[in-house]
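Read the structure below first, then the notes.
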Amino acid sequence: MSTEANRHGGPTNKTLCVLPWIHLCASIDGVYGRCCVDNAMYHNELYEQQDEPVFQLNDDAIGCSPGSRYAKDNPDRVLGLQEAFNSPNMKRTRLAMLNGERVDACKYCYFREDHGGQSYRQSINRRFEHELDALAGRTAADGTVEDFPYFLDIRFGNTCNLRCVMCTYPVSSAWGAEQRPSWSSAVIDPYRADEELWRTLRANAHLIRRLYFAGGEPFMQPGHYALLELLVETGNAGNVDVAYNSNLTMSPDKAIGLFPHFKSVGIGASCDGVGEVFERIRTGGKWQVFVDNVHRLRTQVDVWLQVSPQRDNLWDLRNLLEFARAEGLDIDLANVVQWPKEMSVSSLPDEEKARATGELTELIAWCAELGWDKPAAHLGALRSFMNSLDPTNLVDEGAS
Ligand SMILES: C[S@@+](CC[C@H](N)C(=O)[O-])C[C@H]1O[C@@H](n2cnc3c(N)ncnc32)[C@H](O)[C@@H]1O
Ligand code: SF4
């Protein structure tokens, strides 16, 4: 497992992903995941039932937290963070990946790769390239890894002020206020009162190196602030890189006061259009408020535009790129919407796909001329993804 190709998650090992060795995700409703696109973690269909269903975990899910709705129906699979990191399914995943086998829970990434898109697996393997060679040696024969996961993605609930068109309940409480079933609440937060979780985080604070916050809207989550404060209070914040996806439609004053304690802070400011298109997709958000917050935050931390290319902004990508260019902001267009299917670019009629292919080809050429390689690569992947897919085969992700 030590060739250049392996290190890039490339041709020799097409299944290996560094995340099951260093990372744990915890979803907004209390299910642990290998990462945020773990196919076994999402149970969104349960929230579409009129009568309260049994909250049966998927067989391949890592487990659930004690404060989650799943705990009652899956008593044998209620785990703390550390147990989840070495749960039977996590251990099986590591061994399968080391053997070059595809893992069913990771099909969202494989699907993207198979259709010319860029996967989370590929980008994360590039980011943590220095870890890849050592993975096999750190893995016991049964798949156990002794370390604490130093990279955590804990979604401290679903509180959110927006109802973006491609998002849903239970991911956003604002969507919940409109479409939740009577047996569930709009706001979900399984971790805030989970004493074992907070004990574990405190005991291992010195080992944490990277946090990713999303949600819901992270700057509205009490648990997110509590974790930042815990790291400051225990003197460990200076070791930690913090990354966010935020809608930046409110001013995160409290967080701004905490940011200087951390090693680095980066915010992917979710932006799916300029002006009116932004407001149409990110329902409830105001473009000018977003722009003002970007201006304010970029003086303190690294800020880039995080775009989710989809049916409704395909014709606004040019404006987005020009806005990014004028503002001197980096732009990430890799998170292509696959679900809901009708919002995916792959669901466009053939005629519009042909026109959009022309538009993307021009934009790619423009970016390439400017030496703007990352957006050029993301747009190329988007073009392949749009043209190579039968939309009936799209793999659901929930909303990441
Ligand atoms: C679920 S949001 C949570 C964080 C924050 N509320 C925000 O909007 O940035 C995380 C990212 O997922 C994106 N997203 C939302 N719905 C999606 C979908 N159906 N498919 C792919 N990405 C989606 C958002 O645009 C955002 O960049
Ligand atoms: S994408 Fe983010 S901001 Fe939009 S509704 Fe979902 S959680 Fe809220």
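Listed here are the residues, each with its yes/no results for (1) touching a Pro at 6+ places or on another chain (Cβ under 9 Å); (2) more than 23 Å from Arg163 (Cβ to Cβ); (3) crowded, with 20+ Cβ neighbours inside 10 Å.
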residue: Gln179; (1), (2), (3): no, no, no
residue: Ser185; (1), (2), (3): no, no, no
residue: Pro190; (1), (2), (3): yes, no, yes
residue: Trp198; (1), (2), (3): no, yes, no
residue: Arg209; (1), (2), (3): no, yes, no
residue: Ala214; (1), (2), (3): no, no, yes
residue: Leu228; (1), (2), (3): no, yes, yes
residue: Val232; (1), (2), (3): no, yes, no
residue: Val240; (1), (2), (3): no, yes, yes
**OP:** Would you check if there is a residue in the stretch 2-9 being at pLDDT 95 or above and closer than 28 Å to Ala243 by Cβ?
**Re:** no
**OP:** Hey, could you check the stretch 309-346 for residues that are away from ligand 2 (no atom under 16 Å from the Cβ), under 13 Å from Met386 (Cα atoms) and surrounded by fewer than 21 Cβ atoms within 10 Å (Cβ to Cβ) and say which is modelled with the lowest pLDDT?
**Re:** Lys341
Original post:
Looking at Pro218, Pro252, Pro260, which one is modelled with pLDDT of 95 or more and within 14 Å of ligand 1 (Cβ to nearest atom)?
Top reply: Pro218
Original post:
Do any residues in the stretch 167-191 that are within 12 Å of ligand 2 (Cβ to nearest atom) have Cβ atoms under 7 Å from those of residues that are open to solvent by 60 Å² or more (accessible area, probe 1.4 Å) and of a type in the set (Lys, Arg), where the two are at least six apart or on different chains, and which pairs are they?
Top reply: Tyr169/Arg180; Ser172/Arg163; Ala174/Arg163; Trp175/Arg163; Glu178/Arg163
Original post:
If you go through the stretch 295-340 one residue at a time, how many are within 15 Å of ligand 1 (Cβ to nearest atom), farther than 23 Å from Asp373 by Cα, assigned to a helix (DSSP H, G or I) and not basic (Lys, Arg)?
Top reply: 2
**OP:** Please enumerate the residues belonging to the stretch 264-281 that are over 24 Å from His23 (Cα atoms) and not in a helix (DSSP H, G or I).
**Re:** Cys271, Asp272, Gly273, Val274, Gly275
Subject >> Filtered residues of the stretch 227-263 (kept if touching an Asp or Glu at 6+ places or on another chain (Cβ under 8 Å) and in a helix (DSSP H, G or I)) >> reply: Leu258
Original post:
What pairs come up if the first residue lies in the stretch 198-217 and is among the β-branched types (Val, Ile, Thr), the second is buried (at least 20 other Cβ atoms within 10 Å of the Cβ), and their beta carbons are under 6 Å apart, counting only those six or more places apart or on different chains?
Top reply: Thr200/Leu81; Ile208/Val240
**OP:** Please state which one of Asp396, Asp390, Asp373 is surrounded by fewer than 19 Cβ atoms within 10 Å (Cβ to Cβ) and at pLDDT 95 or above.
**Re:** Asp373
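Among Phe151, Phe156, which is among the aromatic types (Phe, Trp, Tyr), more than 16 Å from ligand 1 (Cβ to nearest atom) and either open to solvent by less than 10 Å² (accessible area, probe 1.4 Å) or assigned by TED's automatic domain parsing to the domain that holds Asp29 (or both)? Break it down stepwise before answering.
On the way: Phe156 fails: more than 16 Å from ligand 1 (Cβ to nearest atom).
Answer to the check: Phe151.
Residue-by-condition table, conditions (1) under 27 Å from Ser119 (Cα atoms); (2) of a type in the set (Ser, Thr, Tyr):
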site	(1), (2)
Trp21	yes, no
Asp29	yes, no
Asn39	yes, no
Pro53	no, no
Gly63	yes, no
Ser68	no, yes
Asp73	no, no
Met90	yes, no
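The values are calculated or read from the model by the stated rules, or taken from the named source; none is laboratory data. What you see is a predicted model, and the numbers here were worked out from it, not measured in a lab. Note that we place each Cβ from the backbone using ideal geometry, even for glycine, and neighbour counts take in every protein chain shown. Each accessible area value is taken on the protein alone, full model and side chains, heavy atoms only, with ligands, DNA and RNA left out. Shrake-Rupley method; radii C 1.70, N 1.55, O 1.52, S 1.80 Å.
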